[in-house]
Structure formats: structure tokens, C-alpha cells
1. Any chance region A:155-175 includes a residue that's touching a helix residue (DSSP H, G or I) at 6+ places or on another chain (Cβ under 9 Å), within 13 Å of chain B (Cβ to nearest Cβ) and of a type in the set (D, E, K, R)?
2. With the condition kept exactly as written, say whether any residue in region B:242-256 is surrounded by 15 or more Cβ atoms within 10 Å (Cβ to Cβ) and more than 28 Å from the chain's Cα centre (by Cα).
3. Name the single residue, out of those in region A:181-202 being surrounded by 10 or more Cβ atoms within 10 Å (Cβ to Cβ) and β-branched (Val, Ile, Thr), that is nearest to the chain's Cα centre (by Cα).
4. Identify the single condition in (1) over 26 Å from B:SER459 (Cβ atoms); (2) under 29 Å from the mean Cα position of the chain (by Cα); (3) among the polar types (S, T, N, Q) that B:SER427 does not satisfy, given that it satisfies every other one.
5. Determine whether region A:117-129 contains at least one residue that is more than 8 Å from chain B (Cβ to nearest Cβ), crowded, with 21+ Cβ neighbours inside 10 Å and within 23 Å of A:PRO150 (Cβ to Cβ).
6. Search region B:349-360 for residues that are touching a residue at least 12 places away in the same chain (Cβ under 8 Å) and pair each with any residue that is crowded, with 17+ Cβ neighbours inside 10 Å and among the basic types (Lys, Arg) when their beta-carbon atoms are under 7 Å apart and the residues are at least 6 apart or on different chains.
7. Identify, please: which residue in region A:69-88 is assigned to a helix (DSSP H, G or I) and within 9 Å of another protein chain (Cβ to nearest Cβ) and is, among those, farthest from A:PHE194 (Cα to Cα)?
8. Among the numbered criteria (1) closer than 26 Å to B:THR139 by Cβ; (2) modelled with pLDDT of 85 or more, which one does B:PHE193 miss?
Amino acid sequence: MRIVILTFVASLLYLSVSAQNEKYLESMKTNIEQYSNANDVNTFQMLSGKFEGIARVESENWIPAYYSIQSLLEAAIKEEDLDQKDLILDKVQILLDKYSEKFPKETEIMVLQAYSYQIRMSIDNMKTMIYGPKATKLLQNAVELNPKNPRCQYLLGMNIYYTPKMFGGGAEKALEHLQKAKELYESVVIDIPFYPEWGEEDNSELLKSCESALAQ
Amino acid sequence: MVGLFFIIYTIKGQTLISGKVTERDGSILLGATVFLEGTYDGASTNEKGEYEFTTYNKGKFTLLFSYVGYFEERVEVDLNEERIELNIKLKIESKELNSVIFTAGSFEASDKKKGVTLKPLDIVTTPSANGDLYGALRTLPGVQTVGEDGRLFVRGGESYESKTFIDGMLVQKPYSSSTPDIPSSGRFNPFLFNGTLFSSGGYSAEYGQAMSSALILQTNAFPEQSSTSVSVLSVGASLGYTKKWDNTSFSLNYDYVNLHPYYSIVKPDLSWNKAPEKHAGLLTARKRVSKNGLIKFMATASRNLSGIEYPDYNEVGKTVGVDLFNDNFYMNTTFTNQFKNEWLLKAGISYTYNIDKLNYGTENLDDKLNSSQVRIVASKKLFNGVNLKFGGDYIYHSFSSYYSGVVQPNGVELKFQNQIPALFIESEIQLPKKFAARVGLRGEYSDLSDEFKISPRLSLAYKLNLSSQLSIAYGDFYQTAQEEYLKYKNSLKLEAAKHFIVNYQYKKADNTFRIEAYRKNYTNLVKFDGANLHDASTYNNEGKGYATGVDVFWRSNLRKWNLKYWISYSYIDSKRNYRDFLTTAQPTFISNQNVSIVAKKWVNALQTQFGLSYTYASGRTYYNPNSSDFLNDRTGDYNNLCVNVSYLTQIGGNFTIVYFSVSNVLGSKNVYGYHFYNTPNNDGVYESTEIISNQKRFFLLALFLTIK
């Protein structure tokens, strides 16, 4: 009897744990699908809220938090009004501050921080003096922490490519990072569900531009 | 544990939870998170702030409401009902998000939406500005081009009708002093400010003592980092040091300008006895005293010297030396604090000391000003889209003018003291559907003239669609008579202006279009007898005038070509009978048409920005004693093309800007007016001299270096 009860309780626990896990997989799947189909500011903002909810439940998992930040970044990119863009980025920064403190070694979150700096620079290119060096330093740090992250290499390469030569940038210095990124995109396989995978195509395109710039 | 029980329970056991998430004042929050704590059951709010989700959970749970930058709220719910409706108001945590409204296409009837904002870099890169704040403002609609005078003449108003406010405090002497017909420039470096709001009329009840316009400047909160800056210009040099700690910062700057070396290379058209020289020091400090409390302090001191040889209008061929000595001290301290109950308090105190000593051959005029202001303003978002702001300020103004010369060898002093207390109350209201209104009332009392005036200020805006709005505004504006007249007759009454404004504006992505039509009625303007300036009995307030016109503004950014540009056009019809005018006529500082084009292009490959500005102004009236009609003659048109180049580079790893500009590239001859001799020549004709620029073209070469 006791064994039956124990087995019963054990199976209950197993069911609840896997049910919990199933809920995670199901929720993330639904929301990520919506994320790939989304294309307006309001939808992205709503999605960010949804991912935040999941992040609250899965408090030790950085991935829902990651998507919460990324959805809001997409909202900022889609927003046309420059003042509103800046305001959304202020919100993104609050999330970035919270989650980079919680997950200090997570290089994918650093990539998003660097990306938000880039959007700030696109709003006002006079801000390049402030955000450019910040982004480069952060990404160099990230590359050291996780040399296998292709997105770190890609964004670092992009940053260097668009930094003028006299400030230590240019196509020549960018090339090695973009090439490394390409290698990593092709070779590295991560088994964690919903792990970010973006950037391969964009990296290849930028690599081509970089190579043709050097060929001249 | 929950999972298994879920299967046992009947399907009917689900609960629908819905509601709305808003801010304290009713503005909706889009993308807020609403979840049963610890579970996956939840939703996020849509563009109406509404959320809805179903849950099979039973019993007591905590519903968690959260939103980026706001305090979380937890509500205990008992999931035994079929429906639960819960509306929540969240309180803002992050002060940086204070002025945010998260739905697309919000709008206001505030000055911020109706005025034009310029960033420091916009100002410094405008070619005709030469780094002067007011120079950049002259390219905006509604601002007249008065080439021989560097101050703001807005919509038919004289320069004294436009006032400058720094952090809410009135600045008595924002311009440097200069000898007649030599343009003055602003005292303040544009980089001190992160907000430059120029309102060309109908501005808030918060500000007074300006009949035409208000330039509202907001100083920077905290610097980005500690740094040292060095600038070397063809006309002088600057040194600056900024130090930043966690909650404190201070900045020290010293500027020196001397045009003597420059004039020896590029000869001026006028004769200088002493090329303009200036010493100026600036100290700013910031201290964060609590999470939401900030103290700002600024003090500036400067000394200006110049001497120029003017024609003596008593005798053709003779000249007289005019020397100017000016000392100025300005101090401004403000304290801002946001309290827990969401009241925002701003308090400030400022002090100006200014002395101008003008020496005209045998004549001496010493003007001394001591002025102080105390101000306090409280504001709060009340409820459902209603903002309330009220406050008061008190100005103490002490002026003395000492004259000695041939007529009065022992000297005579004229002086007065005035006190101006004022109170105001104003509310911004978001009305249902698409209206927003701002209603304000200001009461001012002028001790010297013993007058109490109430000024209503009303503004109504209607949102046509996501990108455009229509607005109308009305306001009464009062101002004390100028010092130079008040000293003769202390009891001169306040001058007054009424504004009626209609405005349409369109703003989408990088494009802004504004068209504004206005009518200003002036009354109680000061009048006196020009031949008997010193006779107080001829002074009165019987002057009148009007100004009516249209301002058009278009601003855009062609990102594909890295080209930013704006175009301003103003048409104005304005006449007055004031001062020593014999009849109603168009004043000499007005051009009926003004056009300004400013374009800036960034070339990434060269790391350089190229700028161009072109200004056109139609001819102005001038007084001609040879003519029987008063102010009926016109000067020629004004044309000015300026170009500049800013090159960004590094020197020893430090960020550097190399700057070069040329004004009046085409070398157009611009005559602003004429001065006539006091007696006619042998043929009975009054001879004249032209009022022209000191130099046909002005070259500025500068190097700005920031060392971290």
C-alpha cells in the first residue's frame, strides 16, 4: 500500500513537474510564434509583458527574460516617432539593468544591451561618442566570457565596421570578428529550447560588404 | 500538484479574470503584465490597457500586476467566482519615465508641443549662429533679422519684449553689453542646456513680464562624466573642468575673448579704439539630495570692454570715441523634489548684478542694476488626465542711472526700485475624444506703478489624426516699462499686449510642419517727446500698436543622404505709435518678410559635417529728416549666406572638433538703416551715414578638445 501511495505521490510530483515544464514549453512556443509574426509597436509591447509573466514564474531561467527585453527592443525599432523611440529604450534599459544584475554572466543579454546602444545611435548620430565606445567595450567583454557566442562576434564586428578608422575601427579590423561569427553560426549547436538563434543571414551580408570594401 | 486536480474538476470550474491597468491619473498602460503569481495563467494589457485571461486554478491566489518602471501591485483573489473584474492603478517608480504616455499619437496643449525645441548641437552647428544661442533662434519662424542688434525681435516686438528664463527663473541680462549698432550675443554657452524651448507667443501663465515671447532654457542635470575641455578660437580661448561623483558634480569654466589679433588680420570696416575683450567665468554644481531631490547651482561673472570711434552727428567729418565697460554677475540656484504623494516642487532664487559704463567723449552714463527673484512652483498629475500647477514669484528690481557731461558737469542720478510679486495657477486637461486644453491665470502687482493685473492664458488643441493637431490660443501679457524710461518717470504704467494665435502642426517621424497665424494688440506703450528726453512730464502710456502675420516652418531629415534641414518663412504687418513716433508707422526693426534656410549634411567618410544657412529679410523703414513722411523710407533687402564645416577627430586619443565658418560668403552689402546728422548742410540736406556690419565677412576658426 505504502509503495503504491509513494509511487502515486511520486508520479503526481513527476506529472506536476513535467506539467510545469510542459506549460513552459507551450507558453514560450505560443508567444515566440506570435513574436515572429508580430510587426507593430503595440503587439511587441504586449508580447514583452507576456514574456515578463513567464520570467516571473521561471525566475532562474534567463530565456523568458531575454525575450521580454528583445520584444521591447523590436517595439523601439518599429516605433517611428523619435521621442517615443527614446522613451521605449528607457524602458528597455530598466529591464536590461534588472536582468544583467540577475544574470551577470549571460552574454546574450549583453548582446541586447549593445544592440540597444546601436538603436540610440541611430536616433541621434551625435550620440555616437557616448554609446559607440560603451558598446565596443561591452562586446569585447562578452567575447571573453563566451567565445562560442556568434552574436557577440557579429555585433562586435558590426560595431567596429561602422567605427571610423581614426577611432580604431574600419573594415580591416572588423573582418576577423565577422569571419569568426560566421564560423560559430555554422558550427555551434545549442540544445536549450528557445535559445536565441538570430543573426546568421545578417552577418553573412555584412561580411560580404566588408570583404568587398577591402577588395577596393 | 495542481495539474492532477485540474483533470478531476469539471470544465465549468474556470474563472475569467479581466480588467484595466492604468496610471494613477488614468493614462492607460500598454504591455503591463498580469499573472497569477507562480503560475502561467495571465495576460498582458492591450492598447486600451485591458487584459483578460481564464484560469482553472481554484482557491486563494495572488494576482500580480507589474510594468517596467512602476511599482508592482499584488491583489489577493479567491478563484471561486466565474468572473473576476479587477482594475488597478500602478504608481511610477522611475523618475526618468515621468513624462511618458505609452499609446501612439499622444498630444498636449503645452508649450512643449506648440514651441520649437533646439538641442545644443543644433545651435552650435547652425552656420549663422557662430555658437550663439540667440543666433540660432534667429533662423526660426517669427524672429526678425536685425543685423546690427544681436537680440531677439519676435513677431513685431522689440527686443525687451522677449525674455529668457533659466530653470524657470527670469534672467535680467541674458545678452552681453555692446556699443550701439554692434550686435550683442548671449552670455550663456548653449551646451549648458539640455532643453531650449522657444515660444513665440501665447506662452504659459508660469511666466510673465514678457509681451512677445519666452525663451525657456533648462540646464543639464548631471554631466556624463568627469572631463577637461580646451577650446582655441580665432577670437579667444576657453578652459573647462568637470568633475563627477555619484551624487555630486561641479564644473568650472573660463572664457577669454579678444578681437584685437583677429582685427589686425581681417581689417574691420568700423574704427576701433579698443577691440572687444571679454573675461568670463562660470561655476555650476549639482547635488542629488535624495532619490527624487536635486539642487542645481550656477554662478557666472564677466567683464566686457570695448571702444569704437563713431561719427559725431553734430558735425560732419568729426568723430567721437565711445567706450564701454561692463561687469556682470548672475547667480541661479534651484531645488526640485518629487514627493511620495506625487507632488513635484520647484523652488529657486536668482540674483543679477550688472553695471554698464558708457563713455561718449565728454558724456558719461553709468547704469547699475541689482535684481533678485524668488520663485516656488508646485505641480501634480491629479486624476484622469488633469495636471495642476501653481506657484508664485517675487522680483526685486533696483536700477540707478548716473549721468555726467557737458550739460550736467556735477552729474545727476536717476533711480528707482520696483517690486513685482506674482501668483499663477494653471491646469492642463485631456478632454474626452480628441481635445486637450490648458487654462491658466496669472496675477501680477507692480509696486512702482501701483497696478495689479490679471492675465488669462488659454490654449485649446484638437487632435486631427495621429500626426497632426490644430490649436488656438489667447493670452494677456504685461510688462513694466523699460528702465531707461522708468528712470525719468517712475509712475509709468505697465505696457500690455494681447495675443490671438491659430496653429496647425503636423509631425511624423522626421518631418515637422507648422503654420501659425497671429494677431497682437499693444496698448499702454510708453510715449515721450524725442526732443525733450529728460522732461518727465512728456512721458505717458498712450502708445498703441498691432502686429499681425503668418509663420511657416518645415523641418526634415533625409536620412538616405544624412541631410537635415529646416526652412522658415514669416510674413508680418506691424505698426505702432510709441516712443518718439510722430504718427503710426512701421517700426525700424521690422522686415515684412523673413526667410531662413538651414541645411546640415554629415559625410561619414570624412567624419565631417557641412552646414549652410541662408537668410533673407525685406527692407526696413528708417527715419529720414529729409522726407516729409515719417518712417516712410526703406532700406534695401538683406541677404546673408553662411557656411560652416565641423570635422570630428582625435588628438592623443581625445575627442576633438575642428570648426571653421564664414558668414556672408557672397559679400552682400547689407545696410540696416541710416543715422542722420543733426543739422542740414549748406544745400539744406541732412547728410547720413550707413548702419552696416562691422565686417563684410566674418571668419571663425576653432578647435574644441575634450579630455576624459
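1. Within region A:155-175, the subset touching a helix residue (DSSP H, G or I) at 6+ places or on another chain (Cβ under 9 Å) is A:155-165, A:167-175.
Narrowing further to those that are within 13 Å of chain B (Cβ to nearest Cβ): A:161-165, A:167-171.
Retained after the next criterion (residues that are of a type in the set (D, E, K, R)): A:165.
For region A:155-175, residues touching a helix residue (DSSP H, G or I) at 6+ places or on another chain (Cβ under 9 Å), within 13 Å of chain B (Cβ to nearest Cβ) and of a type in the set (D, E, K, R): present.
2. Checking region B:242-256: not a single residue is surrounded by 15 or more Cβ atoms within 10 Å (Cβ to Cβ) and more than 28 Å from the chain's Cα centre (by Cα).
3. A:ILE190
4. In the conditions (1) over 26 Å from B:SER459 (Cβ atoms); (2) under 29 Å from the mean Cα position of the chain (by Cα); (3) among the polar types (S, T, N, Q), B:SER427 misses (1) alone.
5. For region A:117-129, residues more than 8 Å from chain B (Cβ to nearest Cβ), crowded, with 21+ Cβ neighbours inside 10 Å and within 23 Å of A:PRO150 (Cβ to Cβ): present.
6. Short answer, once both residue conditions are applied: B:THR352/B:LYS173; B:ASN354/B:LYS173; B:ILE355/B:LYS368.
7. Here the residue is A:LEU82.
8. In the conditions (1) closer than 26 Å to B:THR139 by Cβ; (2) modelled with pLDDT of 85 or more, B:PHE193 misses (2) alone.
The values are calculated or read from the model by the stated rules, or taken from the named source; none is laboratory data. Note that the structure is a prediction, hence the values are computed from the model and not measured. Ideal geometry is used to build each Cβ from the backbone, glycine not excepted, and the neighbour counts take in all protein chains shown.
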